[in-house]
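Some notes on the structure that comes next.
Coordinate-derived values only; no laboratory data. For clarity, every value in this text was computed on a predicted model and none was experimentally measured. When we count neighbours, we look across all protein chains shown, and the Cβ atoms used for this are built from the backbone with ideal geometry, even at glycine.
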Amino acid sequence: MADDSDIFELHLIRITKVAPVSATAIAAEWDDGYSAVVDLSTLMENRHFAALRDPEVLARASIEDWGGTITWPGAGEWGADNLRVLAHTQTFGTWLHRHRLTNQSAAEALGVSPRSIAYYKSGERPIPKHIRLACRAIDMGLVA
C-alpha cells in the first residue's frame, strides 16, 4: 500500500510540456524532469473523452491550472497526477515485458508481493519511488 508521502507527491507534480506524437499518444514532461510518451487509447474509450479520437482535437492539448491539468477544447481535461500514474503504469508494463518477468518473478526481484505488482500494473496504486529506482538498477545491471 502506498504511504501518504507517495500519494502527496503525486498531487504536487505539474505538467510543463505536452505534445502529440501519434493519433493516440502524447509526450509529456513534468516539473520534476520526468518525461514519458503516454498512450491515451484507453482514455479515448471513455465516452467523456471520445472527442480525443480526432487527431486534430488531440493536437490541441493545452496546459491549464498552472500545470495541474491538460485540457482539450470540447474534450475535457485530465489531471497531471492521473497522467503520471498512467505513464508509470505503461512504463512498468513495458519494463516487465522487456525483462520477461511474471508477477511472481517481478515480486521476488523487487522484494514485494505479487499482488503489489498487479496493483502497479493496473494503475490501482502508484509505483513507489524505491520500486522505480529498483527497476532502473535492474535495467543498468546493478542487481540480478
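With all pairs of separate Cα atoms included, the chain yields a Kirkwood hydrodynamic radius of 16.1 Å.
Toward the positive end of the charge dipole of the stretch 14-78, with +1 on the Cβ of Lys and Arg and -1 on the Cβ of Asp and Glu, the farthest Cα among Gly33, Asn46, Thr71 is that of Asn46. Around the Cα centre of the stretch 14-78, unit charges on the Cβ atoms of Lys, Arg, Asp and Glu (plus for the first two, minus for the last two) sum to a dipole of about 140 debye.
When Rg and the Kirkwood Rh are both derived from Cα coordinates, the Rg/Rh ratio for the stretch 14-78 amounts to 0.94.
In plain terms, the chain from Ser122 to Glu29 could stretch by 31.3 nm, reckoned as 0.36 nm per residue minus the Cα-Cα distance.
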